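Worksheet for the structure shown next.
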Amino acid sequence: WVCLVFFAGISAQTSPTLRDMIITQDIVPPPPTPGRIIFERQANGVLLKWGPLYTGNVTGYRLYFGDQSRNYFGVFGGKMSPIDVGNVTEYYLEDLEVGKMYYFSLTAYSDDPLRGESAFAPETTYLP
């Protein structure tokens, strides 16, 4: 919303007037959505990998995880979701509980606060 306040001029016979007003908003799209996460089993954890995004002024990625589908509020191995992994395309997580299903997703972000964060990448599951 816009609020304009007018004050009377020096003499009582003058008053400010508004002739034209143009308000524009630049729509800045969020960064593109990353692709699906793939994983490689490791001796004591999992290496998560994804493809880089070359468009949309992407400056980093956030890795989301949890133990329920689309509920990414996990804490594993002393790390809390989401993890800001920076501008890399893989991340290693360790100390996952054997026999427990884990759910992962990823977003991209920009250093431009108007662009915010992308939509979630397709969910990936992992069972150690």
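The values are calculated or read from the model by the stated rules, or taken from the named source; none is laboratory data. No experiment lies behind these values; they were computed from the predicted model shown. Glycine gets a Cβ as well: all are built from the backbone with ideal geometry, and neighbour counts include every protein chain shown. When the accessible area is computed, the model is the full protein with side chains, heavy atoms only, and any ligands, DNA or RNA have been set aside. Shrake-Rupley method; radii C 1.70, N 1.55, O 1.52, S 1.80 Å.
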Single unsatisfied condition, Val58 versus (1) modelled with pLDDT under 90; (2) in contact with a strand residue (DSSP E or B) (Cβ under 8 Å, 6 or more places away or on another chain): (1)
Residue in region 99-118 that is under 16 Å from Phe39 (Cα atoms) and among the β-branched types (Val, Ile, Thr) present: no
Residue ID - nearest to Glu97 (Cα to Cα), chosen from residues in region 14-45 that are under 26 Å from the mean Cα position of the chain (by Cα) and at pLDDT below 80: Val28
Unique residue being within 19 Å of Phe120 (Cβ to Cβ), open to solvent by 80 Å² or more (accessible area, probe 1.4 Å) and of a type outside the set (Ser, Thr, Tyr) when the list is Ile22, Ile38, Ile83, Ile27: Ile38
Residues located in region 85-98, provided they are closer than 21 Å to Thr33 by Cβ and either touching a Phe, Trp or Tyr at 6+ places or on another chain (Cβ under 8 Å) or part of a loop (DSSP other than H, G, I, E, B) (or both): Val85, Gly86, Asn87, Val88, Thr89, Glu90
Positions within region 86-111 being farther than 18 Å from Gln42 by Cα and open to solvent by 50 Å² or more (accessible area, probe 1.4 Å), in sequence order: Asn87, Val88, Asp111
Filtered residues of region 112-128 (kept if surrounded by 15 or more Cβ atoms within 10 Å (Cβ to Cβ) and in a loop (DSSP other than H, G, I, E, B)): Arg115, Ser118, Phe120, Ala121, Glu123, Pro128
All positions within region 47-65 that are over 25 Å from Arg115 (Cα atoms) and surrounded by fewer than 18 Cβ atoms within 10 Å (Cβ to Cβ): Leu47
